[in-house]
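Structure record follows, encoded as structure tokens.
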Amino acid sequence: MSTPIIRIRNLRKSFGPLEVLRGIHLDVAPGEKLVIIGPSGSGKSTLLRCLNRLEIPDAGYVEIDGIPLDDSRINLDRIRAEVGMVFQRFNLFPHLTALENVALGPRLVRKLPRERAEAVAETLLRKVGLAEKLHSYPETLSGGQQQRVAIARALAMNPKIMLFDEVTSALDPELVWEVLEVMRQLAQEGMTMLIVTHEIRFGAEVGDRMIFMDAGRILEEGAPKEMLRSPQHPRTRAFLERLLG
Amino acid sequence: MLDRLIYLLGGLQLTLALLVCSLAVGIVWGLAIATMRLSPWRPLRLFAFLYVELIRGVPLLVLLLFLFFGLQGVVGRGVQVSAFWSAVAAFGLCYGAFIGEVFRAGIESVDPGQTEAARALGLSAWQTMRHVVLPQAVRNVLPALVNESVSLLKDTSLAAVIALPEVTQRGRLEVARTYETFEVWAMVAAIYLVLTLGLSSLARRLERGQKTVVHTDHSHPQPA
């Protein structure tokens, strides 16, 4: 494996008495698509949120693209600019149009003049198939469209890594494919992606590697198709059986 | 009848000046109070909490008398304390506490996911507040803010006790001159009613365009 772009050592996090992450070790290579599966409450989302410090770990070491993730504001700003995140509930800014949502980061963080930022935003919204919705407000868009705007918004910062936190879970089933389609395209372009998902088949198709988490630990990891075909750990087996029926 | 109306309406300018100045002080001070209430720094939270408690525990009329006559007693006989600015200070300090609670509720009504999304993009805490949270909070609190303005408008009548010749004080002078208590006070009441109805209909129009609306009452605040 080439030098990892993400290096995680013994990462621990508790919410009160509840231990959510119990010592995670993980390396992610540049361009790798890592699919994270596991029952809810297993710590998948918390793991992602520790990577851009939306959650502050209690212990352990995280390094992204050679920069240690610690209390330093400067490092944090650099890392947040390199790590894009897409949320389950879209979290678009309701008072801004699609175009303004996407242009906000480049404008405020990258200090691009408004026209340049909006040009970037327009290109990205076209890329996710929303050329006609540039000036629409989020409330007038379907869930699938909102999530595609959210992906464009994260991409606008030109990140090296994209975190996807159950991005299709809040969507109507018939809208899931359009979001997955955008993610598939991103994967083909070589983006490093960490994907927490219940869309196991999509994960197997796109992922280079799959990890199964349960109760704050990584119980099993391997090639996705292999893992789906013959899961080693009994918990993985039970989880997949329940999910795939 | 018409003469009397014109005389009473002559106080309107002062009533509205009190409203506008006190509201301006109240909004600025209210923003400061809300920021302190939500500060990560405990002494600031505690100060703002105690301040709001204090204001809620003291009648506005007493605060007004204290600021005007009380301060007069401290600074000495020679110095004239302005009645107008005493009133603006009393109303502004009082409504700063109320409006602060309105703002706080408005900021808290914004989904935490909004802050997370902004922070994940790399926006600073201040940029997040300025470009993401406040625009949504202000939209949510606009109707409540108009309601506070209605209350404030009515409360400006208290300034009559320090002899500011606003609408109510003019009513008192008119009664003293004519002894026609019923007619005069009915007319004064009608003037306030017209003003407040105007403001409330504005509030309703604002509220119609809202999804999330913050309602606040003047009961005691949550502890800091």
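The values are calculated or read from the model by the stated rules, or taken from the named source; none is laboratory data. Just so you know, these numbers come straight off a predicted model, no measurement behind them. Because the Cβ atoms are built from the backbone with ideal geometry, glycine has one as well, and the counts that use them run over all protein chains shown. SASA here: full protein model, heavy atoms, side chains in, ligands and nucleic acids out. Shrake-Rupley method; radii C 1.70, N 1.55, O 1.52, S 1.80 Å.
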> Taking interchain pairs and intrachain pairs at least six residues apart, which have beta carbon atoms under 8 angstrom, with the first residue in the stretch A:84-100 and more than 8 Å from chain B (Cβ to nearest Cβ) and the second of a type in the set (S, T, N, Q) and open to solvent by less than 10 Å² (accessible area, probe 1.4 Å)?
Replying inline: A:Val86/A:Gln147; A:Phe90/A:Gln147
> Would the stretch A:180-197 turn up any residue that is over 13 Å from the mean Cα position of the chain (by Cα), open to solvent by less than 10 Å² (accessible area, probe 1.4 Å) and within 14 Å of another protein chain (Cβ to nearest Cβ)?
Replying inline: no
> For the stretch B:108-127, which residues satisfy the criterion of being farther than 12 Å from A:Val109 by Cα and facing another protein chain (nearest Cβ under 7 Å)?
Replying inline: B:Gly113, B:Gln114, B:Glu116, B:Ala117
> Given the conditions (1) outside any helix (DSSP H, G or I); (2) under 30 Å from A:Pro106 (Cβ atoms), and given that B:Gln80 satisfies all but one, which numbered condition is not satisfied?
Replying inline: (2)
>> Please go through (1) at the interface with chain A (Cβ under 8 Å from one of its Cβ atoms); (2) farther than 19 Å from A:Arg107 by Cβ; (3) open to solvent by 10 Å² or more (accessible area, probe 1.4 Å) for B:His131 and return the number of the only condition it doesn't satisfy.
In response: (2)
>> Restricting to the stretch A:101-139, count the residues that are within 13 Å of chain B (Cβ to nearest Cβ), out of contact with any Lys or Arg (no Cβ under 7 Å at 6 or more places or on another chain) and open to solvent by 50 Å² or more (accessible area, probe 1.4 Å).
In response: 4
> Counting only residues that are in a loop (DSSP other than H, G, I, E, B) and either within 22 Å of A:Ile8 (Cβ to Cβ) or of a type in the set (A, V, I, L, M, F, W, C) (or both), how many does the stretch A:204-231 have?
Replying inline: 5
> Of the residues that make up the stretch A:21-29, is at least one open to solvent by less than 40 Å² (accessible area, probe 1.4 Å) and more than 19 Å from A:Asp214 (Cα to Cα)?
Replying inline: yes
>> If a residue must be crowded, with 19+ Cβ neighbours inside 10 Å, part of a loop (DSSP other than H, G, I, E, B) and either at pLDDT 95 or above or on the phi > 0 side of the Ramachandran plot (or both), how many such residues does the stretch A:30-44 contain?
In response: 3
> Restricting attention to the stretch A:75-83, does a residue exist that is at pLDDT below 90 and more than 10 Å from chain B (Cβ to nearest Cβ)?
Replying inline: yes
